[in-house]
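The values are calculated or read from the model by the stated rules, or taken from the named source; none is laboratory data. In this text the structure is predicted, and so the values were computed from the model without any measurement. Quick reminder, even Gly has a Cβ in these numbers, built from the backbone with ideal geometry, and neighbours come from all protein chains shown.
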Amino acid sequence: MSDLRKYCGVSETQLTIGAAAAATSITLDSLVDIYNNTLTMTDFGTKGFARLNPDGDNIAEDISFTGITANGDGTFTLTGVSTVLAKDPYTETSGLVRSHGTGSPVRFSNVPAFYGEFVNKNNDETIAETWTYTSSDMPRLNTYVAPTDDEEFATKKYVDDTAGGTPVSQNRIVVTATAGETVADGQIVYLDETDNEWKLADASTAATCQSVMLGVAQGAGTDGNAITGGVLLFGRDDGQSGLTQGDKLYISDTAGAVSSSAGTVPVAIAHAVTATSMDFEPNFDSFPTSGQRDALAGTSGTPSTSNKYVTDADQSKNLSEDAYAASTTGNDTYVVTLSPAPTAYNAGMVVTFSPDTVNTGACTLNVNALGAKSIKVNVSDDPEDNTLKANGVYSVVYDGTNFQLINTPEVLVAGFSSNADEYHSHGERASGSFTRTVASGAGTVTEAHGLSQTPRFVQVFAGVGENLGASRSTGSSTGMFISGANFCNWVTGGIGANNSGIQTAEVIRARETVGDASDGWEGTISVDGTNITFTLGATTPSDDLDVAWIAWF
């Protein structure tokens, strides 16, 4: 590699035109050495240094530059100009910090920042480039010390000692390797035997982490090119970050990454030594114990060469066919994903699942994308509305065509055509009341019920003026809402009055005048998961309507 810093004896020059603060280029009258040879950037290396107004008070400024342009009029422009601190750490900041007028002197002297790039024998130094020694002048230690870190030089004595049988403190196996995709230092890779290239291991893909040769990239590499430093097959790797000493490490579900917790396919690969290093020994916990090896022989002699491990397909019932999962579709075309995944529907397959919403009549279940199958009761019937409750747990068995629901009672209440569960209380209740004034008249009133789900039952007490209540005095009604149906018992003129009856289309009928079946109020209600909505009619009422309600499900 060519020298990056060079030294020139440059004749003093001056600015052709003034340079303002923040300028990143300056123009000089001339740029020649003391023998009048024109200079280019090659003569300075990759960076040069100079001082503007070197003899002025509070106007001098040290600069660095990275380019030189020879202009057609004989002047020269320095580009990539930065101001440079005059003391350690010699920070370079793009652009000038002072303004300099036309004719300001420019001296190419050795400013402090220039010396700051020299190696000093009294300092700890990091050498960025290659230093080559002659064969007779090799570097040496004044006193022998055995190396302890991978990055330290091994002396002749150390090599002689270890070659003679003294054990080495660390063993590492590293091989040259070709990348099959972009990899970085410290990433976990596997050997793809189809093209003999190393690619990122991923615990969510078994083929990249199980029954394959694993390693750690020791540098960067791109598809089809060599991985810098090769691939570590065994031993200490120092290319990690964020580890906790002593942690057992696994291949992560993130391609190439290391994790302290097992991924989808649990493959243990190392133990953390420090925050940045690990001892790599893939599958170190996967070897059978002596007891496990003995158990393989069984009690009937040594297994024959034809003996096989039992697989899912060898079992009378696939373990994945009796599993649980929850649906998240938001409707009654339920979808679940079991793990391990079944490969097909088989007659007798049992699935336990939790719906995320109630069913509305006919519903289906799709297991691991094998296809939606109808859920039936009593062999061929569709479930009634609300048979499957949100967050309930149900078991179904596949009969070869449909899923049969096997754990929901089908006892019916006399007079109803739906499941008995739909007509009993689950204990959660809410209540409220409101007054509708004559001035407001007909319209809707919305009451928030605060229940955890849509109420099935709402009982309503209504009356005009002071007649509200269960006493059923003049102009009152007691109504009921059950699963969408409105009806009420209404009366005017007292309990024994003739003006009374059952109204099957209204939940409120509050009349004001005995013998008048039309003056006053009437109404129906509807419900949802949040509110009870009262739809009120008003026929020339003269008194306000008072309403109290109780809701439950």
(message) Looking at region 70-113 only, could you name the residues that are assigned to a strand (DSSP E or B) and aliphatic (A, V, I, L, M)?
(response) Ala70, Leu78, Val84, Val106
(request) Check off (1) surrounded by fewer than 21 Cβ atoms within 10 Å (Cβ to Cβ); (2) part of a loop (DSSP other than H, G, I, E, B); (3) in contact with a strand residue (DSSP E or B) (Cβ under 8 Å, 6 or more places away or on another chain) for Pro282 and give me the number that stays unchecked. (result) (1)
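Residue by residue, here is whether (1) farther than 22 Å from Ser277 by Cα; (2) at pLDDT below 95; (3) in contact with a His (Cβ under 7 Å, 6 or more places away or on another chain) holds:
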{"position": "Gly165", "(1), (2), (3)": "yes, yes, no"}
{"position": "Val168", "(1), (2), (3)": "no, yes, no"}
{"position": "Thr178", "(1), (2), (3)": "yes, no, no"}
{"position": "Trp198", "(1), (2), (3)": "no, no, no"}
{"position": "Asp202", "(1), (2), (3)": "no, no, no"}
(message) So the check is Cβ under 9 Å with 6+ separation or different chains; which pairs have a first residue in region 527-542 that's under 22 Å from Arg429 (Cα atoms) and a second one that's of a type in the set (Phe, Trp, Tyr) and surrounded by 14 or more Cβ atoms within 10 Å (Cβ to Cβ)?
(response) Val527/Phe481; Ile532/Phe481; Ile532/Trp549; Phe534/Trp549
(request) Might you let me know whether region 10-32 holds any residue that is free of Cβ contacts under 8 Å to residues at least 24 places away in the same chain and in a loop (DSSP other than H, G, I, E, B)? (result) no
(message) Against the conditions (1) touching a Leu at 6+ places or on another chain (Cβ under 8 Å); (2) surrounded by fewer than 16 Cβ atoms within 10 Å (Cβ to Cβ), where does Phe118 fall short? Just the number, please.
(response) (1)
(request) Output the residues belonging to region 386-408 that are closer than 24 Å to Thr454 by Cβ and touching a residue at least 24 places away in the same chain (Cβ under 8 Å). (result) Asn386, Thr387, Leu388, Lys389, Ala390, Asn391, Gly392, Val393, Tyr394, Leu405, Thr408
(request) Could you check Glu92 against (1) acidic (Asp, Glu); (2) assigned by TED's automatic domain parsing to the domain that holds Leu249; (3) under 30 Å from Ala50 (Cβ atoms) and say which number it fails? (result) (2)
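Take the residues in region 287-306 that are part of a loop (DSSP other than H, G, I, E, B) and either in the same structural domain as Asp202 (by TED's automatic domain parsing) or surrounded by 10 or more Cβ atoms within 10 Å (Cβ to Cβ) (or both); name whichever of them is modelled with the highest pLDDT. So that I can check it myself, show each step before the final result.
First, the residues of region 287-306 that are part of a loop (DSSP other than H, G, I, E, B): 287-289, 297-306.
In the following step, the residues that additionally are either in the same structural domain as Asp202 (by TED's automatic domain parsing) or surrounded by 10 or more Cβ atoms within 10 Å (Cβ to Cβ) (or both) were identified as 288, 297-298, 303.
Details: Pro288: 69, Ala297: 61, Gly298: 58, Pro303: 57.
Restricting to residues being part of a loop (DSSP other than H, G, I, E, B) and either in the same structural domain as Asp202 (by TED's automatic domain parsing) or surrounded by 10 or more Cβ atoms within 10 Å (Cβ to Cβ) (or both), the top hit is Pro288.
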(message) Residues to consider are Thr337, Thr352, Thr444; find the one that is assigned by TED's automatic domain parsing to the domain that holds Trp521, modelled with pLDDT of 90 or more and in contact with a strand residue (DSSP E or B) (Cβ under 8 Å, 6 or more places away or on another chain).
(response) Thr444
(message) Can you report the number of residues in region 93-145 which are modelled with pLDDT of 85 or more and of a type in the set (Gly, Ala, Ser)?
(response) 6
(message) Ser82 - would you say it is within 44 Å of the chain's Cα centre (by Cα), surrounded by 11 or more Cβ atoms within 10 Å (Cβ to Cβ), closer than 19 Å to Met41 by Cα and among the polar types (S, T, N, Q)?
(response) yes
(request) List the number of the failed condition for Asp150; all other conditions in (1) more than 26 Å from the chain's Cα centre (by Cα); (2) within 18 Å of Phe280 (Cα to Cα); (3) surrounded by 15 or more Cβ atoms within 10 Å (Cβ to Cβ) hold. (result) (3)
(message) Condition first: surrounded by 12 or more Cβ atoms within 10 Å (Cβ to Cβ) and either at pLDDT 90 or above or under 19 Å from Ala551 (Cα atoms) (or both). Can you find one or more residues in region 410-420 that meet it?
(response) yes
